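Visitor: Here it is, the structure in full.
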Amino acid sequence: MQPSTLMDMTTGDSSQNITTFDPLIRITDGDRHVHVMVDLPGVTEEQILIDHRQKTLMIAVREKETLFQKEVSIPQTERISKKKFSDGVLEISLEKSRSGSDTMRR
């Protein structure tokens, strides 16, 4: 069974080595969503773990006894609305908070 959060993956495993890594990341700040694209060549979808906390996105890749992680600062968002991993590229769409940012519609 795959861990559901980064905390689940690292808790209680003293043999786990945790290190940072620096994949190519592109962030696009739209009106209602923040889009994040991360290049992860050579990684399978099962190795990827994503954790979101308002203005922080944590991306981790588990490789044998090592957990590679990258913390990304993003604009304020409410939740992950879409995730896709294809051909070594992870795409994440995060929904922005509607309060205070709604504009009048015509």
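Visitor: Please specify each residue of the range 72-101 satisfying the condition of being under 16 Å from LEU40 (Cβ atoms) and either touching a Ser or Thr at 6+ places or on another chain (Cβ under 6 Å) or in a loop (DSSP other than H, G, I, E, B) (or both).
Guide: Correct list: ASP87, GLY88.
Visitor: Further question on the same structure: Does the range 58-65 contain at least one residue that is closer than 20 Å to LEU24 by Cα, of a type in the set (Gly, Ala, Ser) and touching a helix residue (DSSP H, G or I) at 6+ places or on another chain (Cβ under 7 Å)?
Guide: Yes: one or more hits.
Visitor: Let me ask something additional. Could you please let me know if SER73 is surrounded by fewer than 16 Cβ atoms within 10 Å (Cβ to Cβ), over 21 Å from GLN16 (Cβ atoms), small (Gly, Ala, Ser) and within 12 Å of the chain's Cα centre (by Cα)?
Guide: yes
Visitor: Suppose we keep only residues that are of a type in the set (A, V, I, L, M) and surrounded by 12 or more Cβ atoms within 10 Å (Cβ to Cβ) within the range 12-25. Which one would you say is nearest to VAL89 (Cα to Cα)?
Guide: Among them, the one singled out is ILE25.
Visitor: How many of the residues in the range 38-57 are crowded, with 16+ Cβ neighbours inside 10 Å and part of a strand (DSSP E or B)?
Guide: 7
Visitor: Mind listing whichever residues of the range 76-92 are farther than 12 Å from ILE25 by Cβ and surrounded by 12 or more Cβ atoms within 10 Å (Cβ to Cβ)?
Guide: GLN76, THR77, GLU78, ILE80, SER81, LYS83, PHE85, GLY88
Visitor: Condition check: surrounded by fewer than 11 Cβ atoms within 10 Å (Cβ to Cβ), modelled with pLDDT under 95 and in a strand (DSSP E or B). Does THR28 satisfy that?
Guide: Here the answer is no, as THR28 does not meet what is asked.
The values are calculated or read from the model by the stated rules, or taken from the named source; none is laboratory data. In this text the structure is predicted, and so the values were computed from the model without any measurement. Cβ: placed from backbone, ideal geometry, glycine included. Neighbour counts: every protein chain shown.
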